[in-house]
Amino acid sequence: MITKLYGLKSDLNFKNVFGRKRNLIMFLSDIFEEEVEDFWYVDKEYKKENRNLRYGISDIVIENEKERIMIEMQNQDLKNLEPRITMYFSNHYSTQNPGKNYENVKPLKVLLILNYPYGISKILKKYQMLEENMKERFGDLFSIQIWNIQKALKEKDTIDYWYARLFHLSEYEIDESRLILEETKKNLKFENIVNQIERYNMDLKTYQKMKEEEMLEMTFEEATAMIKLDAERTGEKKGEKKGKLETARNLLEQGIDINIIMKATNLTEQQIRQFQ
């Protein structure tokens with residue numbers, strides 16, 4: 001039974017919709033002012049590990065003769081995006097082979113879509129510092145742009161607002177969601193995107209996958225809340241191994257998926273499985 005409609009915040013919808021060049025070209029131009037037409041996809045597949053390990057982070061990577069662009073969407077502050085981007089940045093350059101002419105090295109752009117309901121100012125400051133540090137080390141070879149969905153939802157009658165509502169669709173009551181889609185479709189610019197969102201919501205197999213995806217995110221939030229509460233109860237400082245191990249054991253006993261515990265505590269699978 002369809003109880004809500006899922007929008008572009010869904011990993012599956014995000015990749016299906018923006019895995020089409022026409023939609024991605026329009027979105028990059030409207031939101032990030034990136035005029036990209038001639039490109040190929042490096043990664044746009046919806047993989048199992050995206051659901052089990054990444055919790056609300058979607059990514060599409062595209063490349064052309066001049067640059068590589070990574071589009072990230074993050075619904076929660078997982079506190080791991082900085083090392084992840086740094087690792088991806090390093091891998092991007094280590095796999096290039098410019099020969100003796102290093103002027104041929106392609107720059108990397110990271111376009112971040114943030115959908116945090118709170119604490120956004122600290123997050124923005126963190127990524128600003130990350131960009132400054134990377135700029136200082138690598139110059140024009142690296143850049144970050146950020147689009148804040150929560151801010152866009154407050155900016156009515158803008159192109160950002162229209163997109164933000166499509167991302168935020170599952171947060172509305174189902175009747176309001178349907179109304180939003182109908183209103184958006186009247187703008188022919190969005191007709192193709194809205195048609196795809198509607199089609200994926202009407203396909204029961206796809207809908208079930210999006211529902212499972214949402215439950216996984218909710219479980220991660222619950223696990224994170226448990227970790228915070230457990231740390232307070234045990235009196236352990238956040239980040240200390242002893243406190244994390246005890247927390248992992250408590251979560252495992254409550255039936256929380258081991259992949260979620262790994263992500264939330266930064267412990268290894270071996271460290272956690274000792275409690276099974």
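Highlighted here are the helices (runs of 4 or more DSSP H) found entirely within region 112-201 that include at least 3 residues which are not hydrophobic (A, V, I, L, M, F, W, C): 120-138, 159-167, 174-186.
For residues in region 1-14 being outside any loop (DSSP other than H, G, I, E, B) and out of contact with any Asp or Glu (no Cβ under 7 Å at 6 or more places or on another chain), which is surrounded by the most Cβ atoms within 10 Å (Cβ to Cβ)?
First, the residues of region 1-14 that are outside any loop (DSSP other than H, G, I, E, B): 11-14.
Restricting the remaining residues to those that are out of contact with any Asp or Glu (no Cβ under 7 Å at 6 or more places or on another chain) gives 13-14.
Numbers: ASN13: 26, PHE14: 21.
So the residue we want is ASN13.
In the condition set (1) outside any helix (DSSP H, G or I); (2) modelled with pLDDT of 75 or more, ASN91 is compliant with all but (1).
Okay, residues lined up against (1) touching a helix residue (DSSP H, G or I) at 6+ places or on another chain (Cβ under 7 Å); (2) surrounded by 14 or more Cβ atoms within 10 Å (Cβ to Cβ); (3) at pLDDT 80 or above; (4) among the hydroxyl-bearing types (Ser, Thr, Tyr):
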site: TYR102; (1), (2), (3), (4): no, no, no, yes
site: LEU108; (1), (2), (3), (4): yes, yes, yes, no
site: GLU131; (1), (2), (3), (4): no, yes, no, no
site: LYS154; (1), (2), (3), (4): no, no, yes, no
site: ALA164; (1), (2), (3), (4): yes, yes, yes, no
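The values are calculated or read from the model by the stated rules, or taken from the named source; none is laboratory data. Since the model is a prediction, treat every value here as computed from it, not as a measurement. So basically every Cβ, Gly included, is an ideal-geometry build from the backbone, and we count neighbours across all protein chains shown.
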